[in-house]
Amino acid sequence: MSVFGALKADVLFNTARPISPGTPYLLLPKSPRGLDEATFDTHARQSTLGAVVTGPQIGDWQTGGTLLAMFYNDNLLADQYGFLPLLAYGELKNRKWRFAAGLQFDVFNPGLPTVLPFAGLSGSGNSGNSFRGQVRLERFLNPSEDVQWTIQTALSEPIASTIDPLFRLLSEDNGWPNVELRVAVGLGALGPDQLRPFELGLSGVVGQLRSTPPAPGNRVVADVWGVGTDLRWKINAFFGVAGEGYVGQTLGTYSGGVLQTVNVDTLEGIRSAGGWLEVFCFWTPCLHSHVGYGIDDPIDRDVSLTGPVRNETYFSNLLWDVTQSVRFGFEFTWRETAYQGVLRDNEGAGFHTQFQWSF
């Protein structure tokens, strides 16, 4: 068994109050009285602790498992300390196949921008990257040494419980799992990080959620569906791009629709589209910058009278890998959140400093 982890200290200042201040996703409506909304937070909730377990070899199949947790509680938006499992799965794999079951990240749109907050542009274009119970089967095809096709399928828990019930409302699964699928092609030689310089993926998810109002009324069943694409291209040793895009419905538990799943008034699924794009540059082998933009844009008429109808984030950071274990980071963000109805739109800057020691 191999134990690993990271100790992270985060310091954040925001000129407009985000949800939530220590792990920003979007901005609260602007104060109608013009009150000051600046927030300051310093915490270590992004610290991680994990273990990789290697089991016995069965023929050409390797058994094993992974555990990974952070020091958040089970509701990320509450911004409190606790113990939050991120990964807890067992696997059986060889060069061509992988079978895994347990708590895993989404197959749908697995890309992740390089930003300092754990929110990772969730609710601002970065759909996917939630973690849920899942049974997964993967197939790897290598027509040549520098080409790999990856086919991933999964049956998944329909609701990720880390989203605040305020956003999930009364929704529950409708008696069957979500089905996720991704097909990706990777080109180029494997690097030290076990990634190929170019990868392009196409993914999708289908499912259903049902909502039953507490007062007498009809139960509403909302279809869940999404189509996404992800790209990572390290053009040369110094420069590259990465990004994702998606379109779908009832994707709040997949971090789409500005985290909204169904309309609070009608309980119907909210349709939305969005994505993010990042450009990265390695000034030296240990000093690199990432600049990008993300947007989530639900269809206005699908959103309740008090819900957000657009959320945008611009970001720019500088990361200094002092050693393989020590990193300093600084990030500037500009967020804009637009609301339906009488609530006022809001915008503001964020400043985030992070120290990380990994082991």
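Some values worked out for this structure:
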read-out	value
Residue tally, condition farther than 17 Å from residue 255 by Cα, in a loop (DSSP other than H, G, I, E, B) and open to solvent by less than 40 Å² (accessible area, probe 1.4 Å), over the stretch 292-311	1
Candidate set from the stretch 246-257 (those that are in contact with a strand residue (DSSP E or B) (Cβ under 7 Å, 6 or more places away or on another chain) and in contact (Cβ under 8 Å) with a residue 40 or more places away in the chain); member that is surrounded by the fewest Cβ atoms within 10 Å (Cβ to Cβ)	248
Some residue of the stretch 203-211 being at pLDDT below 95 and more than 24 Å from the chain's Cα centre (by Cα)	yes
Some residue of the stretch 221-233 being surrounded by fewer than 21 Cβ atoms within 10 Å (Cβ to Cβ), among the aromatic types (Phe, Trp, Tyr) and either under 15 Å from the mean Cα position of the chain (by Cα) or under 30 Å from residue 157 (Cβ atoms) (or both)	yes
Contacts under 6 angstrom Cβ, first residue in the stretch 201-213 being in contact (Cβ under 8 Å) with a residue 60 or more places away in the chain, partner aromatic (Phe, Trp, Tyr), 6 or more apart	203/108; 205/108
Residue that is most open to solvent (accessible area, probe 1.4 Å) [pool: residues in the stretch 66-87 that are modelled with pLDDT of 90 or more and of a type in the set (Gly, Ala, Ser)]	82
Candidates 39, 63 - the one that is out of contact with any Phe, Trp or Tyr (no Cβ under 9 Å at 6 or more places or on another chain), open to solvent by less than 60 Å² (accessible area, probe 1.4 Å) and among the polar types (S, T, N, Q)	63
Pick from the stretch 258-284, criterion out of contact with any Lys or Arg (no Cβ under 7 Å at 6 or more places or on another chain) and of a type in the set (Ser, Thr, Tyr), ranking: surrounded by the most Cβ atoms within 10 Å (Cβ to Cβ)	272
Failed item, numbered, when residue 323 is tested on (1) in contact with an Asp or Glu (Cβ under 7 Å, 6 or more places away or on another chain); (2) open to solvent by 20 Å² or more (accessible area, probe 1.4 Å)	(1)
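The values are calculated or read from the model by the stated rules, or taken from the named source; none is laboratory data. Because the structure is a prediction, the values reported are computed rather than measured. FYI the Cβ positions are ideal-geometry reconstructions off the backbone, even for glycines, and counts take in every protein chain you see. The accessibility values were calculated without ligands, DNA or RNA, using every heavy atom of the protein model including side chains. Shrake-Rupley method; radii C 1.70, N 1.55, O 1.52, S 1.80 Å.
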